[in-house]
Every structure is written in C-alpha cells, then in structure tokens.
Amino acid sequence: MLRKLLKYDLKWIYKVIVVFYILAVIFSIIGRVLSLIENSIVFSAIAKFTYGLAIAMMANCLINCFTRLWSRFVKNIYKDESYLTHTLPVEKKKIYISKVIAALITVFTTAVVILFCLFICYYSKENLENLKAILELTASTYNTTVIGLILLMVGVFFLEVMFIVLIGYVSIILGYKSNKNKNAKTIIIGTLLYLLTQAVTLVLIFILGLFNSNVMNLINTKDIVNIDSIKVIMLTGVAIYITYIIIYYLLGKRFFIKGVNIE
C-alpha cells in the first residue's frame, strides 16, 4: 500500500513540476546552441536572454519543489481528497512516510535537473578547468579531496532543502488543527520554527566555541581565519541539520498520528 500511496503522490507532484524541468532543459539547450554561433551580436543577445529564462526555470523548479510537496500534503490530507485518504486500509504513519519519501525523491530529481541544465549552459573545457582549479584549491585548503568537497556541498544543499520541507509539513499539521485562519497560522508557525531552529544553531555553535578557542576566534573575527575551525563548524552544521531533520520527521509523524481536522 505504501508503494501505491507513493505512486499517486509522485504522479500529482510531477504533473506540474515536470513542465518546469522540460522548460529548463529546453531553454538551456537553445541558449547553448545560440551561444555557439560566432560573430553575431543578435544571436549573442538572444542567447543571453535565453540563458536568463533557463535560470528562471531552474529557480521555478526549486520553488515548485516546495510548493507542490506542501500543496499535495494539504490537498491529500485536509481537502477534498482527505475523505478517501483517511478511509484507506493503511496506517496513518505510512501516509506520512509516503509524503516524506516523495519529498526525498522530488528534491533529488530537482537537484539533478538543475545541475544538468547548468552543465548544458556553461560547460566548456575552459570553464571545466577553472572549476577544477577552484575545487582543487578549496579542497587542498580544507585538507580534503575534490570528491569529498563536492559531496559535502551537495549534502548540505540536500539537507537544507529537506529541513525546510519537513518544517513545512510540521507547520501544516499544527496550523490545520485550528478552526480559523489555517493558512496564516501555518505560515506563522513555519516562520517561527525556522527562526527558532536557526537561533538554536547559533547557540550550539557558540557553545562549541567555548570548548574550542579557534572556533571562538572565528566567531569573534579577531584573529586570522583558522581552516580547522571552519571545518569543525561545517561538519558540526551537517550533524546539526541531520539531527533537525530526524526531529522534525518524528514530530511530524507523531502529530499526524494523533489525528487531523478535515475541512
């Protein structure tokens, strides 16, 4: 049953977001083809304009990644579809798990499409060599490998997006427990949870600084930046966000299982 739930969740989500995927790829290809036409001011201008459209579509892919996930959650759990959803012979936790897995898949595919479009737009031997040089310099500075650096950057992006998605789920569940102004309360709760979590992160980094003088110096920006301190903060940040994701996942599931107020 979980597989079927996931199938219908993804089908609903991708019904719209795949359009932006396609547009992003099309504009990227058109822009790249036009940019290859040399000695033409007109085609060069059109290529730049098309690149702008491609970037806009990539941004829309990410925005729709959030909105489609949250919209699906609301429509399937609280709106017209909710009567069918809550009468299915399936545990409530599986319904919630389906939403989380759908988020994981959607975030992953969105990231892949954006990276693919950027590759189409800007790939060249010169750009590749420049990017490689920057990555190698940064990796050597942080005493890591290029692969390790790329995985860290992708991992941080993925964790940040999933963190925001799960905050949205928890906010929707709490906001829709009210009888009035559900959407407004959802937005307020989500904003407060995000700000609270960021404040907790700063406090945790400060506490870390109390036990690590280099980190404290980096926070105070009084001394020369210590690379080891930056690495400690980055790795601590990754660990903190993983913890947040687990916490918000468990909170969302707990609140969801307790019951929801169908409109």
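The values are calculated or read from the model by the stated rules, or taken from the named source; none is laboratory data. This structure is a prediction, so every number in the text was calculated from the model and none was measured. Ideal geometry is used to build each Cβ from the backbone, glycine not excepted, and the neighbour counts take in all protein chains shown. Heavy atoms of the whole protein, side chains included, go into the accessibility calculation; ligands, DNA and RNA do not. Shrake-Rupley method; radii C 1.70, N 1.55, O 1.52, S 1.80 Å.
If you count only protein heavy atoms with a 1.4 Å probe, what accessible area per residue comes out for segment 146-190, rounded to a whole Å²?
Values: 2160 Å² over 45 residues.
Counting only protein heavy atoms, the per-residue value for segment 146-190 is 48 Å².
With just the Cα atoms defining each centre, how far is segment 68-101 from segment 149-196? Give it in Å.
The distance from the Cα centre of segment 68-101 to that of segment 149-196 comes to 17 Å.
Scale the Cα Rg of segment 1-96 by the rule-of-thumb value 2.2 N^0.38 Å and send over the ratio, two decimals. Don't jump to the answer; show the numbers that get you there.
Details: Rg = 19.8 Å, N = 96, 2.2 N^0.38 = 12.5 Å.
That ratio works out to 1.59.
Counting only other residues whose beta carbon sits under 15 Å from that of ILE188, what net charge do I get with K and R as +1, D and E as -1?
Numbers: positive: LYS177, LYS180, LYS182, LYS185; negative: none.
Every neighbour counted, the sum reads +4.
Under a straight-distance cross-link criterion of Cα-Cα below 29 Å, which lysines are reachable from LYS92, leaving out those fewer than 8 residues away in the same chain?
Filter leaves LYS4, LYS7, LYS11, LYS15, LYS75, LYS79, LYS177, LYS180, LYS182, LYS185, LYS253, LYS258.
Consider the candidate values (1) 1.40; (2) 1.21; (3) 1.10; state which one is Cα Rg over 2.2 N^0.38 Å computed from the structure displayed.
Answer by label: (2).
Please give the peptides 172-178, 49-55 ranked by average Cβ packing (other Cβ atoms within 10 Å per residue), highest first, as a rough proxy for protection.
On the way: 172-178: 20.0, 49-55: 17.7.
Sorting 172-178, 49-55 by mean packing, highest first, produces 172-178, 49-55.
Express the relative contact order of the chain as a whole percentage, based on alpha carbon pairs under 8 Å and six or more residues apart in sequence.
Numbers: 231 pairs, mean separation 57.0, N = 263.
The value is 22 percent.
Return the sequence-ordered ³J(HN,Hα) values of segment 38-50 in whole Hz as given by the Karplus equation 6.51 cos²θ - 1.76 cosθ + 1.60 applied to θ = phi - 60°, using x for Gly and Pro.
Rounded to whole hertz, the list is 8, 6, 9, 5, 5, 5, 5, 5, 5, 4, 5, 5, 5.
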